[in-house]
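Take a look at the structure below.
The values are calculated or read from the model by the stated rules, or taken from the named source; none is laboratory data. Computed from a prediction, not measured in an experiment: that's the story for all the values here. Positions of Cβ are backbone-derived with ideal geometry, glycine not excepted, and every protein chain shown enters the neighbour counts.
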Amino acid sequence: MSKVQTARGSVDSSQLGTTLMHEHVFVLDLEIQHNYPEEWGNEGKRVADAIARLNELKSRGVDTIVDLTVIGLGRYIPRILRIAGQTQLHIIVATGIYTYRTLPLYFHFRGPAPAKGPDLLAEMFVRDITEGIADTSVKAGILKCCTDEPGVTPDVERILRAIARAHRLTGVPISTHTHAPLRRGLDQQRVFREEGVDLSRVVIGHSGDTTDLGYLEVLIRNGSYVGMDRFGIDTILPFEDRVNTVAAMCERGYANKMVLSHDAACFNHWLPERALPAILPRWNYLHIHDDVIPALKRKGVSEEQLRMMLVENPRKIFEEQSTY
Ligand SMILES: [Zn+2]
C-alpha cells in the first residue's frame, strides 16, 4: 500500500477502487473566461453541476477520477477543492504542462540554459507534489505532459525531461497525451528512458485512438501502461473500433497493462457547448459504465479483465512511490 494524494488529502492506494485514469472536471481558457465570461456563465451553477455529475458517477460505482488538468488547460484548484468537499468521489489532481509545440513565454527566460539558471519547470512540478499547489495545500498526485502531431519540439523535450526529473525526485507516476496515429508514445518512452524513468510508472495516454495493435504491443513490451482513455470521442475513432481494440488486446493477454477512461469534462472551453450533444452524444463520464463495459463483455472480456483495467492497474500505477 502507498499513500496517494487527492483533493481531499491522502488515501491508501487500496482505497482508490474503480478509477477512471484520464478525465477533467473543467477544461478552461482562463483568459477567455476572464474577458468573455458569457459561455461559462454562473460559477455557482457550474460548481453545482460538477458536484451532481461526480456524485452520479460515484453512485454508479466509480470511486476515483484522475483530473489531468494542468497548466495550459485552465487548472484552478480552489474550485476543485470546493467540489471535492461535496462528493465522496476521490479526485486526484495533476501537475505538468499541456502544450503541443511551445512553452508559455513566461518560461523562456527562466532556465534551463546555464546562463538562466536551473530549469524552473521541474522545481514547480516538485513543489506541487511535495508542498501543494499555490496556497491550497492540495498536492498533485500525478505528472502530465504532451507529445502531439508536431513531435518532440525543443520546448516539448524540455517539458518531458523536467517531468522525468520530477518523477524521479518524487515517485509519482506520469500520464501523457499523445498523437497515437503518429506513434508519439514511442518518442516519449525514448526521452523518459534517457532520463532513467522506470517505464512501468508511465501511462501512455490516448493510445486508444489507434487500432494499431503492433504499436500498442511495443509500448507495453517497453513496460508502460496504455490509456484507452477517450471513450466517447467517436469522431477521432468510432466506438466499435475502440471496443474491438481493447477486446483484441485483452485476448492477447494485455488486460494487465490497459486503463480505461473518457477524457471528458463537465465543461470544456474547446468546444461550443450547445453543439456538443449533436457532435459527441456519448462523451460523458458514464459512457464506460453504460455502453463500453456491456460491449466489451459481449466481445468476451471477462469480469477479471475489467477489474484489472478499472481497479488493479490504476492502484499499481500509483503504488511503489518513493517517500519524499
Ligand atoms: Zn485530457
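Is it the case that Leu237 is closer than 27 Å to Val93 by Cβ, within 16 Å of the ligand (Cβ to nearest atom) and part of a loop (DSSP other than H, G, I, E, B)? No; evaluated as a whole, the condition is false for this residue.
Can you tell me which residue among Leu20, Leu57 is surrounded by 13 or more Cβ atoms within 10 Å (Cβ to Cβ) and not in a strand (DSSP E or B)?
Checking each option against the conditions leaves just Leu57.
Looking at Asp148, Asp155, Asp209, just one residue is more than 16 Å from the ligand (Cβ to nearest atom), acidic (Asp, Glu) and more than 30 Å from Gly85 (Cβ to Cβ), and that residue is Asp155.
If only residues of the range 141-164 that are surrounded by fewer than 24 Cβ atoms within 10 Å (Cβ to Cβ) and basic (Lys, Arg) are counted, the one that is nearest to Thr99 (Cα to Cα) is Arg158.
The condition of being at positive phi, buried (at least 18 other Cβ atoms within 10 Å of the Cβ) and at pLDDT 95 or above holds for only one of His206, His179, His167, that being His206. Scanning the range 1-17 for residues that are touching a strand residue (DSSP E or B) at 6+ places or on another chain (Cβ under 8 Å) and not in a loop (DSSP other than H, G, I, E, B) gives Lys3, Val4, Gln5, Thr6, Ser10, Val11, Asp12, Ser13, Gln15. Only residues that are within 22 Å of Leu286 (Cα to Cα), in a loop (DSSP other than H, G, I, E, B) and either within 16 Å of the ligand (Cβ to nearest atom) or touching a helix residue (DSSP H, G or I) at 6+ places or on another chain (Cβ under 7 Å) (or both) were counted across the range 74-119, and they come to 4.
If the Cβ limit is 6 Å and pairs must be 6+ apart or interchain, which residue in the range 92-111 that is more than 23 Å from Arg79 (Cα to Cα) pairs with which residue that is of a type in the set (S, T, N, Q)? These pairs meet every condition: Arg101/Thr153. Just one of the listed residues (Val226, Val311, Val301) is assigned to a helix (DSSP H, G or I) and among the β-branched types (Val, Ile, Thr), and it is Val311. Restricting to the range 23-49, what's the tally of residues that are within 16 Å of the ligand (Cβ to nearest atom), among the aliphatic types (A, V, I, L, M) and either without any contact (Cβ under 8 Å) to a residue 40 or more places away in the chain or not in a loop (DSSP other than H, G, I, E, B) (or both)? The qualifying residues number 1.
The residues of the range 60-73 that are in contact with a His (Cβ under 8 Å, 6 or more places away or on another chain) and surrounded by 23 or more Cβ atoms within 10 Å (Cβ to Cβ), listed by number, are Thr64, Ile65, Val66, Asp67, Leu68, Thr69, Leu73. The condition of being free of Cβ contacts under 8 Å to residues at least 60 places away in the same chain and either surrounded by fewer than 17 Cβ atoms within 10 Å (Cβ to Cβ) or more than 16 Å from the ligand (Cβ to nearest atom) (or both) does not hold for Lys3.
Given the structure, is Val259 in a strand (DSSP E or B) and either within 30 Å of Gly41 (Cβ to Cβ) or in contact with a helix residue (DSSP H, G or I) (Cβ under 8 Å, 6 or more places away or on another chain) (or both)?
Judged against the criteria, Val259 is a match.
Could you please let me know if Gly17 is small (Gly, Ala, Ser), within 16 Å of the ligand (Cβ to nearest atom) and either touching a residue at least 60 places away in the same chain (Cβ under 8 Å) or within 21 Å of Leu143 (Cβ to Cβ) (or both)?
No.
Tallying residues that are surrounded by fewer than 22 Cβ atoms within 10 Å (Cβ to Cβ) and among the charged types (D, E, K, R) within the range 209-236 yields 4. Any residue in the range 278-293 that's farther than 19 Å from Cys250 by Cβ: show its pairings with residues that are part of a loop (DSSP other than H, G, I, E, B) and of a type in the set (Ser, Thr, Tyr) at Cβ separation under 9 Å, as long as the two are six or more apart or on different chains. Matching pairs, first to second residue: Ile279/Thr235; Leu280/Thr235.
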